[in-house]
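A short worksheet on the structure shown next.
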Amino acid sequence: MGIVHLRRIFKPLFLFLFFFAISLRISIAQPVAPSPSADVCNGIFLSYTYITGSIIPPHLAAGSPRQPYKFESQLEVLNNGLQDLNSWQVFVGFQHDEYLVSASNAVLVDGTSLPAGVGNGTAFAGYPATDLKTAVETAGDVTQMEAVVNLVGTQFGVDVANSNSVPMPSNISLLNTGYICPVPTMQGSSQMTVCCTLDPNLKTNTTIIGQEFSPRQSGDLVITYDVTQTYASNYMAQVTISNNNPLGRLDYWMLSWDWMRGEFIGKMQGAYPTVVDTTGCLYGQQGAYYQGLDFSTVLNCDRRPTIVDLPLSYTNDSTLGKIPYCCRNGTILPATMDPTQSTSVFLIQVYKMPPDLNRTQLYPPANFQINGTFNPNYQCGPPVRVTPTEFPDPSGLPSTNATALASWQVVCNMTQPATPKCCVSFSSYLNDSVIPCSTCACGCQGSANSNCSTTASALLLPSEAALVPFANRTNMILAWASIKHYPVPNPMPCGDNCGVSINWHLYTDSTAGWSARVTLFNWGGNNFADWFAAVQLDKATPGFQAMYSFKASVLPGINGVNNTILMEGLPGLNYLVAQSPAANPTTNPPVPGKQQSVISFSNKNTPTINVLGGDAFPSKVFFNGLECSLPTMLPSKGDRMVAASGISSFLLAIVVLIFVQR
């Protein structure tokens, strides 16, 4: 009787605890319900909620600004408007030196992989679901209207145990075009909310829009990811890299991305991974699932593969090449030079993992990054679903097109490196001295351990010294300073450390026109095939006449005006070789690779040009798309130098060159 009695008592209690645990688990798995202020928002409702935090090792002294704390928070994006929100993007103004470890249902807009530092704020984009539908078209189904991003990371110097110092961001706002976000408000101490509405001045259809795809965007470089064939367990995709910037360029391009759902690369055509390795599959979930797959034929199982172009020799290879726009050895030129060389294409077979095993479960990779050698940097956005790409029908019929099954677009824009890689020197027929590249123009790497000054201004050169490497110029510089009575600092200034330098020499001047001599020097170990340079002449460009050893043309619309001249070598002069080592460096210094030409201008279209006053010197110079460092002085008559007012330079703190008026 005692046992039966106990069963009668504990059975209901056990059932209560069992169902309570299930309900608790379900409630935890569900997204946090929108705050009451969402009910009065007829636009896009955003909220950032701080959930919890705790101190983590190392345990530093009390009050230390570098004490790390774990934090967990939640970002909510809710579409309460009448338009679909395609490819949503939200900025969160982190301000506590946050280091983000994970973010569910989102990626960073700038293509950075997690974990990553976001202490200056960062932008999130939806992934894999990028679009939020309206309540009208879903009958109020919040799962299709809302995105919930769970954030986990580390922050510094904010005591999360102190209820009076909840570490909140400075701001949250919607980045999608056409929306206005007011200043967010606090709901208590741990939630920030804002309601973003459509700009009333924006011309748009205010009725329900069921647009399935986002419009195609433009950018300096556009990567298109087209799924062309799909099967239950794998699909074929075509990846197209298109260069749209007239000064953009890639040499030996390297493309990387993150597989977000366990995918791996089966085979490729037109490009190849830098690492061929299947270890990750064999010892991972992929090997457990695909037990019948011959992994000896699989190319790569890295979560973040790096892909490179194939050499020219594979262009007609029936297995690895033989597709249009492949196999250029990683070179993508601007269309202003050669439209046929401005695109690179490759094919890839992608194996999927559960639960995505059907023909229609298709997700692109995320966090795209692409770079080259001696090229501008590119910052890539998230993949955006766009209208399927149309391809020419393989049968050759002009009236029909084959369409991709799904297409995504990744837009990448150029950013110049923090430190230049090329520099410019100025000279003139009116002056004996050459104004060299500035001290540490391309950085001071290695100079700290040298007996030279990184802050002293570069010393003026005799013209013959421009052909000599910096390490071999010392005696020439000292002799020239002695002849010209120029002071010499102690220690002497360090070199420019640039791999490429360009000398702009004012060659002639007359009432009818003027000319300049342009000389390119390659001080590095890399050859530059199909090189190009560009000069921005703010007032002189309309007078451009001709260039004699180079091909040159005025680029339309750069910076809104036609003031930039693109120059490239003619056949036989389009190869800038590397520096040649000397057989005996003590007596014969290394010889730089060199190309030279003269460019002429007429005064007919520029009657007010002041050639001797500085209008004949460029305000910006580019080599292979990289902006070069410029001197801050211009040569004038005799031994005089004048300030180059208005000339831009990468270095914000170049010391003005010493000049002595004789």
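With the helix formula -39500 (n - 2.57) applied to DSSP H stretches of n ≥ 4, the chain reaches a computed 222 nm mean residue ellipticity of -2500 deg cm²/dmol. In the structure shown, the pairs 551/604; 322/421; 539/637; 551/637 are assessed against 28 Å; a Cα-Cα span above that value is assigned to 322/421; 551/637. Peptide packing: for 357-369, 276-288, the average count of neighbouring Cβ atoms within 10 Å per residue gives the ranking 357-369, 276-288, highest mean first.
A crude spin-label estimate for the pair residue 510 and residue 189, with each label 7 Å from Cα along the Cβ direction, gives 8.2 nm. Here the contact order of the stretch 28-134, divided by its residue count and restricted to Cα pairs under 8 Å and six or more residues apart, works out to 25 percent. Bridging of residue 267 to aspartates and glutamates at a Cα separation below 19 Å is possible for 226, 258, 277, 294, 302, 309, 317, once same-chain residues fewer than 8 apart are set aside. Each of the peptides 96-102, 309-315 was scored by the mean count of other Cβ atoms within 10 Å over its residues; in descending order, highest first, they stand as 96-102, 309-315. For the chain, give the share of DSSP beta bridges that are antiparallel, in percent and rounded to the nearest 5; count only bridges with both residues there. DSSP beta bridges in the chain are roughly 90 percent antiparallel.
How much length, in nm to one decimal, is gained on full extension between residue 52 and residue 335, taken as 0.36 nm per residue of separation minus their Cα-Cα distance?
96.7 nm
Residues with beta-carbon under 9 Å from that of residue 270, excluding residue 270: net charge, scoring Lys, Arg +1 and Asp, Glu -1?
Details: positive: 322; negative: 309.
That sum, taken over residues with Cβ under 9 Å, equals 0.
Take the alpha carbon gyration tensor of the chain, find the square roots of its eigenvalues, order them as a ≥ b ≥ c, and report rounded if a/c is under 1.5; if not, report prolate when a/b exceeds b/c, else oblate. Because a/c hits 1.5 or more and a/b exceeds b/c, the chain counts as prolate. Summarising the amide proton neighbourhood of residue 391: residues at separation of 5 or more, or on other chains, whose placed amide H is nearer than 5 Å comprise 402, 403, 404. The residues packed around residue 114, meaning those with a beta-carbon under 14 Å from its beta-carbon, carry a net charge of -1 if Lys and Arg are +1 and Asp and Glu are -1.
With a simple spin-label model that places each label point 7 Å from the Cα along the Cα-to-Cβ direction, the separation between residue 101 and residue 605 comes to 6.2 nm. Taking the Cα centre of the stretch 476-585 as reference, the dipole from Cβ charges on Lys and Arg (+1) and Asp and Glu (-1) amounts to some 160 debye. Rounded to whole numbers, the Karplus 3J(HN,Hα) couplings from phi for the stretch 131-147 are 10, 10, 7, 8, 5, 5, 7, 10, 6, x, 6, 4, 5, 9, 9, 10, 10 Hz, using 6.51 cos²θ - 1.76 cosθ + 1.60 with θ = phi - 60°, and x at Gly and Pro. Between the helical axis of 2-29 and the longest alpha-carbon principal axis of the chain there is an angle of about 30 degrees.
Stretching residue 180 away from residue 373 to a fully extended chain increases their span by 65.5 nm, per 0.36 nm per residue minus the current alpha-carbon distance. Take every pair of alpha-carbon atoms less than 8 Å apart whose residues are at least six positions apart; their mean separation over the length of the chain yields a relative contact order of 10 percent.
Note that the stretch 107-117 has calculated 3J(HN,Hα) couplings of 10, 7, 4, 7, x, 6, 7, 8, x, 7, x Hz, one per residue in order, obtained from phi through the Karplus relation 6.51 cos²θ - 1.76 cosθ + 1.60 (θ = phi - 60°); glycine and proline are x. Summarising the label geometry, the points placed 7 Å from Cα in the beta-carbon direction at residue 416 and residue 313 lie 3.9 nm from one another. Computed from backbone phi with θ = phi - 60° and the Karplus coefficients 6.51, -1.76 and 1.60, the 3J(HN,Hα) list for the stretch 266-275 is x, 8, 9, 9, x, 7, 8, x, 5, 10 Hz; x is used for glycine and proline. Per residue, the stretch 194-291 exposes an accessible area of 47 Å² to a 1.4 Å probe, with every protein chain left in place. When the Cα atoms of the stretch 225-274 are aligned to their principal axes, the ranges along those axes come out at 43, 22, 21 Å in descending order.
Angle of helix 474-484 to the longest C-alpha principal axis of the chain, folded into 0 to 90 degrees and rounded to 10: 50°.
The values are calculated or read from the model by the stated rules, or taken from the named source; none is laboratory data. Small disclaimer: the values here were computed from a predicted structure and weren't measured. In this analysis, Cβ positions are derived from the backbone assuming ideal geometry, glycine residues included, and neighbour counts consider all displayed protein chains. Heavy atoms of the whole protein, side chains included, go into the accessibility calculation; ligands, DNA and RNA do not. Shrake-Rupley method; radii C 1.70, N 1.55, O 1.52, S 1.80 Å.
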